[in-house]
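Take a look at the structure below.
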Amino acid sequence: MHFAAWLSVADSVADPIGYYRNNVTGTLGTLEAMAAEGGPKPFRVVGEEWALHPNVPALYGLWLVRGNDPARPAAPASSTVSIAFRVAAQVDTRTIIDGIGATEMIHIFISAKGDDIRPGATGKPLPGYEACVLDDQGRPVRGTRNAQVRVEFEISLMPFEDGGWIWFDLFTDDATLEVVEGAWLADQDLPRQRLAIGTTTFNRVDDCVASLLALGEDPAVLDILSKVYVADQGTQKISGHPRFAEAAAVLGDRLRVIEQDNLGGSGGFTRALYESLELTGPDAVDQILLLDDDIVLEPDSILRASSFARAAAAPVVVGSHMLNLQARARLHSMGEVVDLATCYWRPAPDAVVNHDFGRISLRKGRRLHKRVNVTYNGWWMCLFPREVVQKTGLPLPLFIKWDDAEYSLRALANGFPTVSLPGSAVWHMPWTDKNDATDWTAYFHLRNRLIMAALHSPYDVRKYLLRNGLRIAIRRLLSMEYSTVAIEQKAIEDFLAGPQHLFDLLGKGLAEVQQIRRDYPDAQILASAREFPPPTFDMVRAERMLKPPVKPVIIAARASKALVHNLSKPDPAAGNRPQVNVPARSALWFLLGNLDSATVSNADGSGVAFRRRDPKAFRELSKRVVRNYRRLMRRWPALREEYRAAVPELTSVESWRRIFEK
């Protein structure tokens with residue numbers, strides 16, 4: 001029984017009779033009602049007996065300050081409760097409970113009988129409970145035996161309009177603390193919803209099977225889990241993994257592995273969305289959660305994302321944060337946006353990047369407490385209510401890159417925003433540690449970025465696309481990245497060909513890109529620089545060349561010098577032996593543009609390429625760049641209309657069904 005007594009000291013002095021009527025007479029009525037029930041019965045929170053809970057912190061405060069008998073309080077707010085204590089003790093011996101804590105948000109259930117009172121605590125722990133409180137000197141009040149304590153935080157969301165986190169810290173002085181169970185609960189009963197999980201994999205069998213096993217670790221996850229779809233697109237099948245049978249046994253008939261051609265991340269994730277919409281009813285799947293195959297998963301994040309979506313006032317896409325797989329205490333991605341003026345993704349305003357919790361805790365990291373508004377969340381972990389997918393359609397056939405950002409922008413246009421949920425995250429290798437700026441994925445980066453811009457940017461972005469595209473192409477040419485320039489020009493040409501070719505390219509685009517790269521030495525990767533001859537330049541000479549130009553005049557002079565150098569005939573000896581060996585972070589145009597050759601490591605340190613200057617390739621690719629950007633600028637308005645008109649067909653269930661049934 002929770003009896004909330006009046007507690008304002010000022011009001012009680014002004015209206016003592018009213019306080020006596022409410023607190024004392026109300027207590028008598030409560031006791032009469034308890035007696036009418038015929039004796040003790042189970043109580044949900046305390047567990048063994050009924051309890052009277054006056055809950056007046058003012059009385060507790062007097063005990064701390066004065067350390068005297070609470071039967072002699074100073075104001076009616078406290079004296080009325082003191083009388084209520086004595087009346088209840090004379091009527092019956094049932095436990096009287098006092099809830100104490102910060103602004104009533106935490107209630108620690110401990111005894112508050114008169115003979116249990118002492119300075120610094122409201123009484124002895126109830127059987128089966130333990131409370132840690134401090135005396136007026138700030139010293140812990142010791143219990144006489146080991147026991148358990150159950151605490152409940154009742155927290156209003158009203159102060160969190162502009163952001164913030166809710167968490168709790170647990171610690172002890174000199175004893176072992178064991179957390180038996182914890183949960184975040186809502187006041188209202190949330191609708192029960194069934195969850196489908198979809199992932200796609202390409203030859204990452206160890207990581208994929210580990211994620212499947214993690215799903216089976218938590219009974220609470222299995223309780224809401226209806227389906228698990230795995231689109232296996234690799235040559236090494238997860239069904240052959242030594243522990244696959246174990247994962248299949250835990251997941252049972254929830255698990256369905258679909259072996260299909262390599263359609264990239266967009267084709268694999270779309271398969272999970274397609275299966276959830278087409279082969280299950282609303283009663284079987286209400287939510288669809290997409291997971292990358294190369295993550296480390298904490299299943300509780302799934303429960304948090306699902307519960308948040310269930311508690312949302314309107315359907316919302318629920319994304320999760322990314323923690324750094326190689327530095328587990330670092331938060332790599334807190335939230336991202338698409339800048340529709342530049343057509344690039346970037347961290348959201350106020351988002352913290354690469355935060356080290358090992359150095360700055362959540363409590364001390366005040367920058368983490370701001371609300372972060374995002375436009376999309378990466379599909380390392382992202383949940384979609386069924387209604388969102390039904391009204392937004394399926395993803396575009398983009399293979400990889402930009403499919404997640406484009407989908408959230410399209411969902412937002414249909415009235416479904418995206419949130420990146422604090423407290424829900426997976427560990428994943430950061431994209432900053434990957435080599436996808438110059439490898440085969442550069443094709444998909446550029447082509448799909450152009451598609452996204454045509455579909456969603458409200459601006460005329462032609463000037464920016466031209467200026468940015470030419471600058472990047474010149475830097476790549478001066479850096480002897482001929483293969484990257486070649487596939488980026490194919491990206492522009494495929495975009496210019498129109499949306500009707502996207503499904504055809506879904507299955508063959510990667511092979512075409514790889515074929516182009518085979519013609520250029522900068523795309524041929526060996527394991528180490530040891531496999532090449534040693535460089536001819538000494539380290540001091542190379543060090544002087546690494547100093548970047550800062551002043552515009554110097555930058556222009558260095559660029560002009562590099563341009564002339566790249567049009568001249570290279571030193572024949574440099575074709576067989578590199579002039580310098582350059583780490584990835586130093587492989588910049590102002591260095592490489594003045595060389596004839598260099599061995600350059602890739603961004604993730606997994607290999608080295610021997611780049612050789614080629615004046616013929618430089619001239620041919622330069623002409624192709626100018627020609628393609630001229631066509632792009634001229635045709636941009638018409639292409640925007642073509643791509644926007646094609647979206648219903650490209651994202652329809654029927655179009656994707658034809659792909660999956662081939």
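Collect the residues in the range 315-331 that are assigned to a loop (DSSP other than H, G, I, E, B), in contact with a Phe, Trp or Tyr (Cβ under 8 Å, 6 or more places away or on another chain) and either over 30 Å from GLN188 (Cα atoms) or of a type in the set (A, V, I, L, M, F, W, C) (or both), keeping them in residue-number order.
Those that are assigned to a loop (DSSP other than H, G, I, E, B), in contact with a Phe, Trp or Tyr (Cβ under 8 Å, 6 or more places away or on another chain) and either over 30 Å from GLN188 (Cα atoms) or of a type in the set (A, V, I, L, M, F, W, C) (or both): VAL316, LEU325, ARG328, ALA329.
Given the residues VAL374, VAL337, VAL352, which is the only one that is within 26 Å of PHE444 (Cα to Cα) and assigned to a loop (DSSP other than H, G, I, E, B)?
Among VAL374, VAL337, VAL352, only VAL374 is within 26 Å of PHE444 (Cα to Cα) and assigned to a loop (DSSP other than H, G, I, E, B).
If a residue has to be in contact (Cβ under 8 Å) with a residue 12 or more places away in the chain, assigned to a helix (DSSP H, G or I) and exposed (fewer than 15 other Cβ atoms within 10 Å of the Cβ) to count, how many in the range 238-249 make the cut?
So the count comes out to 3.
Which members of the range 335-358 meet the condition of being under 14 Å from the mean Cα position of the chain (by Cα) and open to solvent by 10 Å² or more (accessible area, probe 1.4 Å)?
GLU336, VAL337, PRO347, ALA351, VAL353, ASN354, HIS355
Can you give me the number of residues within the range 609-620 that are open to solvent by 30 Å² or more (accessible area, probe 1.4 Å) and either basic (Lys, Arg) or in contact with a Cys (Cβ under 9 Å, 6 or more places away or on another chain) (or both)?
Matching residues across the range 609-620 total 3.
Identify, by number, the condition in (1) surrounded by 15 or more Cβ atoms within 10 Å (Cβ to Cβ); (2) outside any helix (DSSP H, G or I) that SER606 doesn't meet.
So the condition that SER606 fails would be (1).
Okay, residues lined up against (1) in contact with a His (Cβ under 6 Å, 6 or more places away or on another chain); (2) under 20 Å from GLY607 (Cα atoms); (3) assigned to a helix (DSSP H, G or I); (4) open to solvent by 50 Å² or more (accessible area, probe 1.4 Å):
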residue	(1), (2), (3), (4)
LEU466	no, no, yes, yes
LEU477	no, no, yes, no
ALA491	no, no, yes, no
ASP494	no, no, yes, no
PHE503	no, no, yes, no
ALA511	no, no, yes, yes
GLN514	no, yes, yes, yes
ASP519	no, yes, no, yes
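Looking at the range 569-584 only, could you name the residues that are outside any loop (DSSP other than H, G, I, E, B), within 11 Å of ALA598 (Cβ to Cβ), open to solvent by less than 60 Å² (accessible area, probe 1.4 Å) and not β-branched (Val, Ile, Thr)?
ALA574, the sole residue that qualifies.
Looking at the range 200-237, which of the residues that are assigned to a helix (DSSP H, G or I) and open to solvent by 50 Å² or more (accessible area, probe 1.4 Å) is farthest from PHE660 (Cα to Cα)?
Filtering the range 200-237 for residues that are assigned to a helix (DSSP H, G or I) and open to solvent by 50 Å² or more (accessible area, probe 1.4 Å), the one farthest from PHE660 (Cα to Cα) comes out as PRO219.
Identify, please: which residue in the range 261-291 is touching a strand residue (DSSP E or B) at 6+ places or on another chain (Cβ under 6 Å) and not in a helix (DSSP H, G or I) and is, among those, most open to solvent (accessible area, probe 1.4 Å)?
Filtering first and then ranking leaves ALA284.
Out of all the residues in the range 361-375, which are of a type outside the set (Gly, Ala, Ser) and open to solvent by 10 Å² or more (accessible area, probe 1.4 Å)?
Hits for the range 361-375 are LEU362, ARG363, LYS364, ARG366, ARG367, HIS369, LYS370, ARG371, VAL372, ASN373, VAL374, THR375.
Only residues that are open to solvent by 30 Å² or more (accessible area, probe 1.4 Å) and either without any contact (Cβ under 8 Å) to a residue 12 or more places away in the chain or of a type in the set (Lys, Arg) (or both): list them for the range 433-459, please.
LYS434
Given the criteria open to solvent by 20 Å² or more (accessible area, probe 1.4 Å), within 14 Å of the chain's Cα centre (by Cα) and in contact (Cβ under 8 Å) with a residue 40 or more places away in the chain, does LEU331 qualify?
Considered against the rule, which asks whether it is open to solvent by 20 Å² or more (accessible area, probe 1.4 Å), within 14 Å of the chain's Cα centre (by Cα) and in contact (Cβ under 8 Å) with a residue 40 or more places away in the chain, LEU331 comes out as no.
Can you tell me which of (1) open to solvent by 90 Å² or more (accessible area, probe 1.4 Å); (2) more than 21 Å from the chain's Cα centre (by Cα); (3) among the hydrophobic types (A, V, I, L, M, F, W, C) is the one LEU190 doesn't meet?
If we test LEU190 against (1) open to solvent by 90 Å² or more (accessible area, probe 1.4 Å); (2) more than 21 Å from the chain's Cα centre (by Cα); (3) among the hydrophobic types (A, V, I, L, M, F, W, C), just (1) comes out false.
State which residue is surrounded by the most Cβ atoms within 10 Å (Cβ to Cβ) when the search covers only the range 535-568 and only residues that are touching a residue at least 40 places away in the same chain (Cβ under 8 Å) and not in a helix (DSSP H, G or I).
PRO535
Any idea which of ASP439, ASP404 is acidic (Asp, Glu) and not in a loop (DSSP other than H, G, I, E, B)?
The conditions single out ASP404.
Given the conditions (1) at pLDDT 95 or above; (2) over 27 Å from LYS391 (Cα atoms); (3) not charged (D, E, K, R), report the number of the one that ILE197 does not fulfil.
The failed condition is (2).
With the checklist (1) open to solvent by 40 Å² or more (accessible area, probe 1.4 Å); (2) touching a helix residue (DSSP H, G or I) at 6+ places or on another chain (Cβ under 6 Å) in hand, flag the one item PRO395 doesn't pass.
Condition not satisfied by PRO395: (1).
The values are calculated or read from the model by the stated rules, or taken from the named source; none is laboratory data. This is a predicted model, so every value here is computed, not measured. Every residue, glycine among them, receives a Cβ derived from its backbone with ideal geometry; neighbour counts consider all protein chains shown. Just so you know, the surface numbers come from the protein's heavy atoms only, side chains and all, with ligands and any DNA or RNA stripped out. Shrake-Rupley method; radii C 1.70, N 1.55, O 1.52, S 1.80 Å.
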